[in-house]
Amino acid sequence: MNKYWYKNAIIYSLDVETFRDSNGDGTGDFKGLKNALPYLSSLGVTCLWLLPIFETPNRDNGYDVKDYYKIDPRLGDLGHFAQLIDAAQEEGIRVIIDLAVNHTSTEHFWFQESRKSKDSKYRDYYIWVDEKPKDAEKNMMAEDGEDSSSWKYDRTAKAYYFHSFYAHQPDLNISNPQVQEEIFRIMHFWLKLGVSGFRIDAAPHMFKERGRMDFDGDPHQIFRNFREFVETQKPDAILLAEVDLDPNQYNKFLGNEDQMHMLFNFYVNNFMYLAFAREEATPLARALQRMPEEITEKEQLATFLRNHDELNLDKLSRNEREEVFKAFAPEENMRIFGRGIRRRLASILGNDRRKMELAHSLLFTLPGTPVLRYGEEIGMGEDLSMEGRSSVRTVMQWANDKNGGFSTAPQDKLIRNVISGGDYGYEKVNVSDQLRDPDSFLTWISKAIDYRKEFPEYGWGRNQIIDTGNPHVLGHFTKSAKGMGVAFHNFSGKEITVELEMKEEDLKDLVDVFGNIRYEKFDPEKPKVRLTPYGYRWMHKKHNFL
Ligand code: NOJ
């Protein structure tokens, strides 16, 4: 058993309902996903992250859970889920599932009971107060002008409950040991069904002090208990947390190899976009320098370009965010919540193949495990006519066929729009055509994934920035016991040659392995690195002593 599989996994995130429909009802399902596994395996994916699959009123894309033990019936049933897990295993693909336990839906049985009476055993599953406290911060999901309080009055309970997110998502009181017990049981159940771990939604919110000052001791003990529980049940299962905080908080959530195995690197993500907007490497280099000193053998960061939400730019200063907005979301309709962009990566980068390769080359070489999002591998765009974050949640484009090959249902029965027409429509952007085209982005991305797998050093060891002497060029390397991976990225539209001032021993035996073109052979004696506009080069060396 490879306990550290996640250090070098290729994670692919998708929402079952928008991926592939097998029965023609307009909604993607487990069977459809199962049929698509050979495609994912040939792409090089080794782990699927499924967005919430539980029974839900679906007012927040499934992050509003009604019953953690039931599958959303639109996707199939538990039997279909078991079949999916088996089929994925046969393809060498693990499955992790999204677990949102910071909150439930108001429709959850616990909440229904909780609101009924102060004496209910479920009352303390949620956070109730009689008087509405004054909120210091605006609610995360409030648009300007909306009621921005995180406390909502409930007439049945005659009290206010706390919600970090939408009002229909009351926060669970995680400090309550009974709630913790419930979470263990839920994890137990899904681990037994064969998942390889959980994406922990909204992890830092679980500890917010507001309204529940009654944590008995260090709240992080709860995550230590989660980790211990998960590892006891299944030693190779992982916890991958959404910790959307400053990097100085990362260690608090990784703990002493005893809390989360992995954290999404939101910070580097934000500064990557600032770097793209400025066509300068410096913001990203600085962000990388703020990463924890040491990511141990058992821990990992998850690198991503675009997740399933808005591209939340709240790690940037107001001015920096404005710069990114100006470059990538010039119209108001492209923005959301005052902090994010509701566009996909390909359109943000103007469908410029050079920039898309540059961005993905970073994804595969920056310290951490890469997480791809469905449709990214073919360069899907967004549908701004759809409300809120749905713009980036359109159905997968499989072929230049009815509904982009997603479903045989009549178009008006589709769970979400399919993008048709224009540069990003399924007629031009689809899996089937790109699979047959040796020069397509899809072909390029599977090649890049092959290289990433061949040189796993990028996922291990300590990352260091190379002083390239040029603000447009990022140079970085990662050394592990097995070897060293080096990469250079030119953020600008100009050809640049940099001269390296690296230790002789580091330069020795360094060879080019991958790049946007076939560059002239790298000569460690005259260490110059030429990069075409938006060009990138990966270099490598094996340690002699191994
Ligand atoms: C974070 C998820 O990524 C987002 O989609 C969701 O709305 C909130 N958590 C609430 O669950």
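Any read-out appearing in this document is the output of simple, stated calculations on the displayed coordinates, not a laboratory observation. These figures come from a predicted structure and were not determined experimentally. Here the Cβ positions follow ideal geometry from the backbone for every residue, glycine too, while neighbour counts run over all protein chains shown.
Using only alpha carbons, build the gyration tensor for the range 458-542 and give me the equivalent ellipsoid semi-axes, biggest first, whole Å.
Working: eigenvalues 76, 36, 31 Å².
One finds semi-axes of 19, 13, 12 Å for the range 458-542.
Could the peptides 498-508, 42-52 be put in order, highest first, of the mean number of other beta-carbon atoms found within 10 Å of their residues? Present the calculation step by step, with values, prior to reporting the outcome.
Values: 498-508: 13.8, 42-52: 21.1.
Result, highest mean Cβ count within 10 Å first: 42-52, 498-508.
Tell me, in nm to one decimal, what length is gained between residue 113 and residue 23 on full extension, where the rule is 0.36 nm per residue of separation less the Cα-Cα distance?
Numbers: separation 90, 0.36 × 90 = 32.40 nm, distance 3.64 nm.
So the chain would gain 28.8 nm between residue 113 and residue 23.
How are the alpha carbon pair distances in the range 1-139 distributed across 10 Å bins from zero to the largest one, expressed in percent?
In order of increasing distance, the bins hold 11, 33, 28, 17, 11, 1 percent.
In whole angstrom, how far apart do the alpha carbon centroids of the range 134-193 and the range 289-344 sit?
When both Cα centres are located, 25 Å separates them.
What is the range 458-542's relative contact order, in percent, from Cα pairs under 8 angstrom and six or more apart in sequence?
RCO, the range 458-542: 32 percent.
Taking 1 over the mean of 1/r across every pair of different Cα atoms in the range 109-162, what Kirkwood radius in Å do you get?
12.0 Å
Once label points are set 7 Å from the Cα along Cα→Cβ at both residue 427 and residue 251, what is their separation, rounded to one decimal in nm?
For residue 427 paired with residue 251, the spin-label model returns 5.7 nm.
To the nearest Å, what is the center-to-center distance of the range 240-288 and the range 54-130, using C-alpha atoms only?
The range 240-288 and the range 54-130 have Cα centres separated by 28 Å.
Can you tell me the orientation of helix 318-328 relative to the chain, as the angle in degrees between its alpha-carbon axis and the longest Cα principal axis, to the nearest 10?
For helix 318-328, the angle is close to 70 degrees.
Suppose only helical runs count, i.e. DSSP H with n ≥ 4. What mean residue ellipticity at 222 nm does that imply for the chain under -39500 (n - 2.57) per run, divided by all residues and rounded to the nearest 500 deg cm²/dmol?
On the way: 16 runs with 145 residues, N = 546.
Estimated from H runs of four or more residues: -7500 deg cm²/dmol.
Assuming 1.567 mPa s and 4 °C, estimate D for the chain with Stokes-Einstein, Rh taken as the Kirkwood radius over Cα pairs, in µm²/s. Each step should come with its number before you reach the end.
Working: Rh = 24.3 Å.
Calculated translational D: 53 µm²/s.
Can you give the local net charge around residue 368? Use residues other than it whose beta-carbon is closer than 11 angstrom to its beta-carbon, Lys and Arg +1, Asp and Glu -1.
Overall, the nearby charge balance is 0.
Which FRET efficiency value, to the nearest 0.05, is calculated for residue 216 and residue 317 with the Förster distance at 41 angstrom and r the Cβ-Cβ distance?
Calculated value: 0.65.
Could you check what % of the DSSP bridge pairs in the chain are antiparallel, to the nearest 5? Don't skip to the answer; put the middle values down first.
Working: 41 of 67 bridges.
So the antiparallel bridges in the chain amount to around 60 percent.
What nm value, rounded to one decimal, do you get for the distance between residue 228 and residue 526 when each label is placed 7 Å out toward the C-beta?
Taking the simple label geometry, residue 228 and residue 526 are separated by 6.2 nm.
log10 I(q)/I(0), Debye, Cα-only the range 383-499, no solvent, q = 0.11, 0.15, 0.21 Å⁻¹?
Debye curve over Cα of the range 383-499, log10 I(q)/I(0) at q = 0.11, 0.15, 0.21 Å⁻¹: -0.64, -0.87, -1.05.
In debye to the nearest 20, how big a dipole does the range 471-546 give about its Cα centre with +1 on each Lys and Arg Cβ and -1 on each Asp and Glu Cβ?
Computed charge dipole of the range 471-546: roughly 260 debye.
Taking the Cα atoms of the range 3-50, report the difference between the largest and smallest coordinate on each principal axis, in whole Å and largest first.
In descending order, the Cα extents are 39, 18, 14 Å.
Report the label-to-label distance for residue 443 and residue 481 in nanometres (one decimal), using points 7 Å from each Cα along the Cα→Cβ vector.
4.0 nm
Which Cα, out of 189, 465, 96, lies furthest along the positive dipole direction of the chain (beta carbon charges, K/R +1, D/E -1)?
465
To the nearest 20 Debye, how big is the dipole of the chain about its Cα centre, given +1 on the beta carbon of each Lys and Arg and -1 on that of each Asp and Glu? Present the calculation step by step, with values, prior to reporting the outcome.
Working: 73 positive and 87 negative charges, 77 e Å.
Value, rounded to 20: 380 debye.
Can you give the Rg and Dmax of the range 253-376 based on its C-alpha atoms, in angstrom?
Both quantities, over Cα of the range 253-376: 14.6, 45 Å.
Could you point to the residue in 449, 435, 425 farthest towards the positive end of the range 417-480's charge dipole, with +1 and -1 charges on the Cβ of Lys/Arg and Asp/Glu respectively?
It is 449, whose Cα lies furthest towards the positive end.
With a Förster radius of 30 Å, plug the Cβ-Cβ distance of residue 385 and residue 352 into 1/(1 + (r/R0)^6) and report the FRET value to the nearest 0.05.
On the way: r = 24 Å, r/R0 = 0.80.
After rounding, the FRET efficiency stands at 0.80.
Could you give the size of the charge dipole of the range 392-509 about its Cα centre, using +1 on the Cβ of each K and R and -1 on the Cβ of each D and E, expressed in debye and rounded to the nearest 20? Don't skip to the answer; put the middle values down first.
Numbers: 15 positive and 18 negative charges, 134 e Å.
Computed charge dipole of the range 392-509: roughly 640 debye.
Based on other C-beta atoms within 10 Å, arrange 291, 386, 272 from fewest to most. Mind dumping the intermediate values first?
Working: 291 19, 386 16, 272 24.
Fewest-to-most Cβ neighbours within 10 Å comes out as 386, 291, 272.
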